[in-house]
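Report on the following structure.
The values are calculated or read from the model by the stated rules, or taken from the named source; none is laboratory data. The model shown is predicted, which means the values in this text are computed figures rather than measured ones. For neighbour counting, all protein chains shown are included, and Cβ atoms are generated from backbone atoms with ideal geometry for every residue, glycine included.
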Amino acid sequence: ARAELARSAGGPGRTADGVAVQLLANVGTLEDAERAAALDVEGVGLFRTEVLFLERTTAPTLEEQAEVYARVLRAFGERKVVVRTLDAGADKPLAFVEAAAEENPALGVRGLRTARRHPALLDTQLGALAAAARASGTQPWVMAPMVATAQEAAGFAARARAAGLNRVGAMVEVPAAALRAPQLLAAGLDFVSVGTNDLTQYAMAADRLAGDLAELLDPWQPAVLQLVGLTGSAGAARGAPVGVCGEAARDPLLALVLVGLGVTSLSMAPAAVPAVRSALARTDAATCRAMAAAALAADSPAGARDAAAGLADPGV
Ligand code: PEP
Ligand code: MG
């Protein structure tokens, strides 16, 4: 009965044998953040800042950005807040980021790459985050989207640190970044966070908006899991946090596999947190690793899921 109580209780994410796995919220607006702050989550694992500015036709100023970021940081107090710098382009066009005519926008100038053309946009945002850190008394964790190389990671880290930010990371959503995760981390990152939506799109060469490619876009694809595993091992080797902030994190069974692959935090829509928390509480770390190994050995997404499910506690 006591074990049942522990399972239904809230609080920080833990495996049955007590390994911490932070349970974080994905947010896109100030309202989302304020709602999430009132819930039993350990912080924000992905603040999609471009969502703040989808309607804008002119670039937001440093002051207006700093004001929103400070409010989000204050809402979470001591809790972790991972802010993603503007991810403009492809499926997230921003009117004030002049888009080049591209045949393949998903493979074009998007995410961190937009800073090549518009360096001031990134520096203004980093300045705004640093100002918000001073105003709120808490340091955000700051990460760049669509990093492909260690050079890009190093360049981003240098700019973020020059702005006064000291928890700097990158999203791993390009297969090259997962393959080179050790080099990315060694290039001056404190953490990485896997975006399974784009990582799946790019690993499987399947447009994430194409409904008829659903089987290829399944994050249970063993190839995708293998890339997450490379990232997890790289993080473990350096003692660096490895998050997952794509949709995969909200599937309780897959969350256990991700933990078994070395992931240390899971970020999702807040409504999904209780089910993931309870799945973790029923499963020890060794079982998560066994589930991960079984999923990697499968030859299809359905096979991976079945193999993992066969090892899970029936209550998951
Ligand atoms: C992802 O790609 O998995 C991710 C978290 O970012 P977005 O869905 O905003 O591209
Ligand atoms: Mg993405």
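The set of residues in region 181-197 being of a type outside the set (S, T, N, Q) and buried (at least 24 other Cβ atoms within 10 Å of the Cβ) consists of Ala181, Leu184, Leu185, Leu189, Val192, Val194, Gly195.
Hey, does region 248-259 have a residue that's touching a Cys at 6+ places or on another chain (Cβ under 6 Å) and closer than 28 Å to Arg48 by Cβ? Talk me through it step by step, then tell me what you get.
Of all residues in region 248-259, those touching a Cys at 6+ places or on another chain (Cβ under 6 Å) come to 256, 259.
Still in the running and closer than 28 Å to Arg48 by Cβ: 256, 259.
Yes, region 248-259 has at least one match.
Would you confirm, using the coordinates I've provided, whether Asp212 is away from ligand 1 (no atom under 16 Å from the Cβ) and surrounded by fewer than 21 Cβ atoms within 10 Å (Cβ to Cβ)? Yes, satisfied.
Residues checked against (1) touching an Asp or Glu at 6+ places or on another chain (Cβ under 6 Å); (2) within 13 Å of ligand 1 (Cβ to nearest atom); (3) under 23 Å from Val168 (Cβ atoms):
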| residue | (1), (2), (3) |
| --- | --- |
| Leu23 | yes, no, yes |
| Asn26 | no, yes, yes |
| Leu54 | no, yes, no |
| Pro60 | no, no, yes |
| Phe76 | no, no, yes |
| Arg84 | no, yes, yes |
| Phe96 | no, no, no |
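Restricting Ala279, Ala302, Ala272, Ala307 to those that are touching a helix residue (DSSP H, G or I) at 6+ places or on another chain (Cβ under 9 Å), over 24 Å from Ala25 (Cβ atoms) and not polar (S, T, N, Q) reduces the list to Ala307.
When region 178-198 is filtered for residues that are within 12 Å of ligand 1 (Cβ to nearest atom), outside any helix (DSSP H, G or I) and not hydrophobic (A, V, I, L, M, F, W, C), the ones remaining, listed by number, are Ser193, Gly195. Among the residues here, Lys80 qualifies as under 30 Å from Gly11 (Cα atoms), charged (D, E, K, R) and either in contact (Cβ under 8 Å) with a residue 24 or more places away in the chain or within 16 Å of ligand 2 (Cβ to nearest atom) (or both). Just a yes or no: is a residue in region 132-140 away from ligand 1 (no atom under 16 Å from the Cβ), in a loop (DSSP other than H, G, I, E, B), at pLDDT 95 or above and buried (at least 22 other Cβ atoms within 10 Å of the Cβ)? Yes, that holds for at least one residue.
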